[in-house]
Amino acid sequence: MGYKLNINGAVREVDAAEDMPLLWVLRDELGMVGTKFGCGAGLCGACTVHVDGQAQRSCQLPVGVVGTQKITTIEHVGASEIGAKLQEAWLQVDVMQCGYCQAGQIMSASALLATTPKPSVAQINEAMEGNICRCACYNRISEAIQIAAANLGEKKRAA
């Protein structure tokens, strides 16, 4: 079946079965491989994307129910102030080890900061629960989210 999906601000057409998970539409049909396959059961968070601004596990979201909702992937999250600040903080704190889970981590973190610009550590922990990092970078992830939150609204200083 044919679908017109609003992905990262552009309409993309795909021909896929209505029950095909959005994850596979993004990766296999559209070549957008930033969103990762982790568990396939919506438990690890590696496949997290935004659907109308809400963090969603794309491995559990059939393309047939997406409709006209706006999808944002890791490839585009840096275009927003929140996403850009998170990416800067991720590098500043050197969050990554293997990096596999990081797209999902950043997508979940940006959804949090969109609704809670100055979250407490408890709010960060709650929002990030279910995003598994096999390298156990949880403290650095939390620190990066706190730094990004502190830097939201700041203008970049000229060098």
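Read-outs throughout are calculated quantities, based only on the coordinates presented, and are distinct from any laboratory measurement. Not measured: the values here are computed from a predicted model. All Cβ positions, glycine included, derive from the backbone under ideal geometry; neighbour counts span all protein chains shown.
Values as computed for the structure displayed
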| read-out | value |
| --- | --- |
| Tabulated pairs, the stretch 25-50, first within 12 Å of Cys101 (Cα to Cα), second β-branched (Val, Ile, Thr) and assigned to a loop (DSSP other than H, G, I, E, B), C-beta under 7 angstrom, 6+ apart or interchain | Gly34/Thr73; Thr35/Thr73; Cys44/Ile132; Gly45/Ile132; Cys47/Thr35 |
| Within the stretch 61-81, tally of residues that are free of Cβ contacts under 8 Å to residues at least 40 places away in the same chain and either surrounded by 21 or more Cβ atoms within 10 Å (Cβ to Cβ) or within 11 Å of Met107 (Cα to Cα) (or both) | 2 |
| Residue in the stretch 27-44 that is basic (Lys, Arg) and in a loop (DSSP other than H, G, I, E, B) present | yes |
| Which numbered condition Ser110 misses (of (1) surrounded by 15 or more Cβ atoms within 10 Å (Cβ to Cβ); (2) in a loop (DSSP other than H, G, I, E, B)) | (2) |
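Conditions (1) of a type in the set (A, V, I, L, M); (2) on the phi > 0 side of the Ramachandran plot, marked per residue:
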residue: Gly67; (1), (2): no, yes
residue: Ile71; (1), (2): yes, no
residue: Gly78; (1), (2): no, no
residue: Lys85; (1), (2): no, no
residue: Trp90; (1), (2): no, no
residue: Val95; (1), (2): yes, no
residue: Cys98; (1), (2): no, no
